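This is the structure, below, for whatever I ask next.
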Amino acid sequence: MELKEKEDLTYLFISHDLSVIKHISDRIGVMYLGNMVELGPSEEIYENPLHPYTKSLLSAIPTTDEVKKDHIILQGDIPSNIFPPSGCKFRTRCPLATEKCAKEVPEYREISKNHFVACHYYEKTKDMK
Ligand code: SF4
């Protein structure tokens, strides 16, 4: 972080640990099976995740906050990237998946300024438990 400030550097930092990413990133991209499923400013991603996968990753961050401590446990295993599921690649593990998700690849869209997501039902992500 010191180098970033001093030298005005840009880093691409890759990790599964979103609690670490939160501390060093200005912008976060979430990938699943080789596809960017969500991209946005750090604060926006943490406060308002739009993709179900992002929401499940954030729920796995350890916390002492009673309100935020429910983990979203994804069912199933990560599918093969050689023979990925049809439509949305996340559908075999997504609690919000419908038939549409098996048929159509979700469009990658800008939902608010600089906040992009690829999900047919991103409005429902906030209600996921
Ligand atoms: S498009 Fe469907 S399967 Fe994919 S993340 Fe959204 S709700 Fe889940």
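Laboratory data are not the source of any read-out in this text; all were calculated from the coordinates shown. Values in this document were obtained by computation on a predicted structure and should not be read as measured data. Glycine also receives a Cβ, built like all others from the backbone with ideal geometry; neighbour counts cover every protein chain displayed.
Out of the helices (runs of 4 or more DSSP H) lying entirely within the range 19-129, which hold 2 or more residues that are in contact with an Asp or Glu (Cβ under 8 Å, 6 or more places away or on another chain)?
In the range 19-129, 42-47, 52-59 are the helices (runs of 4 or more DSSP H) which contain 2 or more residues that are in contact with an Asp or Glu (Cβ under 8 Å, 6 or more places away or on another chain).
Which residues, taken from the range 93-120, are surrounded by 15 or more Cβ atoms within 10 Å (Cβ to Cβ) and in contact with a helix residue (DSSP H, G or I) (Cβ under 9 Å, 6 or more places away or on another chain)?
If the condition is that a residue be surrounded by 15 or more Cβ atoms within 10 Å (Cβ to Cβ) and in contact with a helix residue (DSSP H, G or I) (Cβ under 9 Å, 6 or more places away or on another chain), then Arg93, Cys94, Pro95, Leu96, Ala97, Pro106, Ile111, His115, Val117, Cys119, His120 are the ones that fit.
Being without any contact (Cβ under 8 Å) to a residue 24 or more places away in the chain and over 14 Å from the mean Cα position of the chain (by Cα) is the filter here, so list the residues in the range 56-72 that pass it.
Residues satisfying the conditions are Thr63, Thr64, Asp65, Glu66, Val67, Lys68, Lys69, His71.
Taking the conditions exactly as written (surrounded by fewer than 16 Cβ atoms within 10 Å (Cβ to Cβ), touching a helix residue (DSSP H, G or I) at 6+ places or on another chain (Cβ under 8 Å) and hydroxyl-bearing (Ser, Thr, Tyr)), does Ser25 satisfy them or not?
no
Also: For the range 101-114, check the following and say yes or no: at least one residue is in contact (Cβ under 8 Å) with a residue 60 or more places away in the chain, in contact with a strand residue (DSSP E or B) (Cβ under 7 Å, 6 or more places away or on another chain) and within 15 Å of the ligand (Cβ to nearest atom).
Yes, the conditions are met somewhere in the range 101-114.
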